Amino acid sequence: MPASRLFIGKRIRLGAFRPEDAEIAARWSEDGEFQRQLDTDFARPSTPQEQAEMLHSRRSPNSVNFALRTLDGDHLIGFVVIHSIEWNNQSGMLAIGIGEPEYRGKGLGSEALGLILNYAFQELNLYRIGLDVISTNERAIRAYRKAGFKEEGRMRASVFRDGQRADRVMMSILRDEWQPD
């Protein structure tokens with residue numbers, strides 16, 4: 001991928017968060033389905049001020065955070081983060097979410113995965129990207145497998161939602177396994 005296309009895909013791009021994004025992220029925090037598929041923590045709404053503080057506090061030498069924006073209209077639709085980077089081990093963890101419901105299920109998460117993996121392996125010089133996902137989030141698991149992630153293990157019955165137990169699926173991809181677009 002040419003350096004000029006480092007942050008730009010076919011329909012979306014990786015961008016910086018803007019002050020006005022806090023209001024949108026606060027709206028996502030009120031979407032119970034989004035919250036409960038995204039994280040194993042309990043869901044709770046947040047204010048735009050709390051979101052602004054959270055976006056600002058995520059800046060760290062061991063984390064890279066991107067807003068996902070559409071090329072058509074520059075709409076904020078989600079986020080992607082490489083966090084817990086261990087530079088000495090060339091490894092990091094991935095988190096991704098499409099917060100805008102009308103953009104889910106359209107392949108934009110897969111496109112974002114391609115962009116962030118290219119960035120992680122080519123720009124950050126990482127060798128391993130890991131993640132964990134709730135086993136009931138089948139759409140995300142399909143996207144991760146399509147991108148080349150492999151299941152490494154499970155934390156059995158570690159998530160409790162709606163009276164049911166689910167596993168946390170641990171997955172990773174190595175630079176040698178990655179196929180750039």
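Just so it is clear, none of the values below were taken in a lab; they were calculated from the coordinates. On a predicted model such as this, the values are computed, not experimentally measured, just so you know. Glycine gets a Cβ as well: all are built from the backbone with ideal geometry, and neighbour counts include every protein chain shown.
At a glance:
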| read-out | value |
| --- | --- |
| Cleavage-rule hits (chymotrypsin sites (Phe, Trp or Tyr not before Pro)) in the range 1-105: DSSP loop, at most 10 neighbouring Cβ within 10 angstrom | 42 |
| Cα centre as origin, Lys/Arg/Asp/Glu Cβ charges: the range 56-181 dipole, Debye | 400 |
| Cα-projected label distance for residue 102 with residue 43, points at 7 Å along beta-carbon direction, nm | 2.1 |
| With at most 13 other Cβ atoms within 10 Å, longest stretch of the chain clear of loop trypsin sites (Lys or Arg not before Pro) (DSSP) | 107-181 |
| Exposed-loop-free span, longest in the chain, where GluC sites (Glu not before Pro) count as exposed if DSSP calls them loop and at most 16 other C-beta atoms lie within 10 Å | 31-181 |
| From phi via Karplus (6.51, -1.76, 1.60), per-residue ³J(HN,Hα) for the range 16-22 in Hz, x at Gly/Pro | 7, 6, 10, x, 6, 5, 4 |
| Cα→Cβ-extended label distance, 7 Å offset, between residue 164 and residue 74, nm | 4.2 |
| Inter-centroid distance (Cα atoms) of the range 161-181 relative to the range 101-153, Å | 8 |
| From phi via Karplus (6.51, -1.76, 1.60), per-residue ³J(HN,Hα) for the range 109-114 in Hz, x at Gly/Pro | x, 5, 5, 5, 4, x |
| Solvent-free Debye scattering, log10 I(q)/I(0), computed from the Cα coordinates of the range 3-126 at q = 0.23 Å⁻¹ | -1.51 |
| Aspartates and glutamates with Cα under 14 Å of residue 10, excluding same-chain neighbours fewer than 8 positions away | 72, 74, 111, 181 |
